[in-house]
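Everything on this sheet refers to the single structure shown next.
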Amino acid sequence: GYQVLISDFLYMAEKFKMVGMIVVMVTLYYVVTLALRPCIVVENDANILYCFKLNADEEIALQYVHSVEKTVVIEKIGLVNNELCIKEMLYQSFGAGLPFLVQQGQFRIENDWFIINDINEKITAISLRVSKNSKLTINYQGQAYNLYELIPDNSVVNIKSARYYDIFIADKIYRGIR
């Protein structure tokens, strides 16, 4: 009687231990995967404004009004091997700082837009000055993030690539958890 009950108990305890280990391993896998996932970080004065966790085929679009030509410019940025990569640029006029000789990518004109795609230029970071005139906006997954409404005029935003861990966990450990 008691031996059967004890052996059944030990058998069930072993099963629960196995299920518990599987749950812990799956949870750990997802936590590590999230922590190492690359993202595009937008910060101002070391304050994180946004962190966009992009999949390999996703990109953000930086949209602003050109300071000289007063026309809209759109730069599409993605991640390639965890690095920022300019993928495409759309603009409506030629002017200071806008490409006029295409050295990378494919150039075409479509519906009043000059478009250069397949640029694939890796960059370390992007620094942009935000103002009500430039109307700097980030478009991601159909949503517009109007930076010019979020931070004061003439502020600088830095856009860079980082791992989720570096931004949220390591930063809090370094600065002290707030």
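Rule-based calculations on the coordinates, nothing more; no lab input. Not measured: the values here are computed from a predicted model. So basically every Cβ, Gly included, is an ideal-geometry build from the backbone, and we count neighbours across all protein chains shown.
Here are some notes:
- Members of Lys53/Lys135; Lys53/Lys160; Lys70/Lys160 lying beyond 20 Å, as alpha-carbon distances in this model show: Lys53/Lys135; Lys70/Lys160
- Whole-Å distance, taken between Cα centres, linking the stretch 132-147 and the stretch 55-84: 11 Å
- Gain upon complete extension [Val72, Thr124; 0.36 nm per residue less C-alpha separation]: 16.3 nm
- In a fully extended conformation the segment linking Glu58 and Val80 would gain 6.9 nm over its present Cα-Cα distance, using 0.36 nm per residue.
- Relative intensity, log₁₀ I(q)/I(0), of the stretch 124-170 from a Debye sum that treats every alpha carbon as a point, q = 0.23 Å⁻¹: -0.90
- Rounded FRET efficiency, nearest 0.05, which uses the C-beta distance separating Tyr145 from Ile22 and R0 of 45 Å: 0.70
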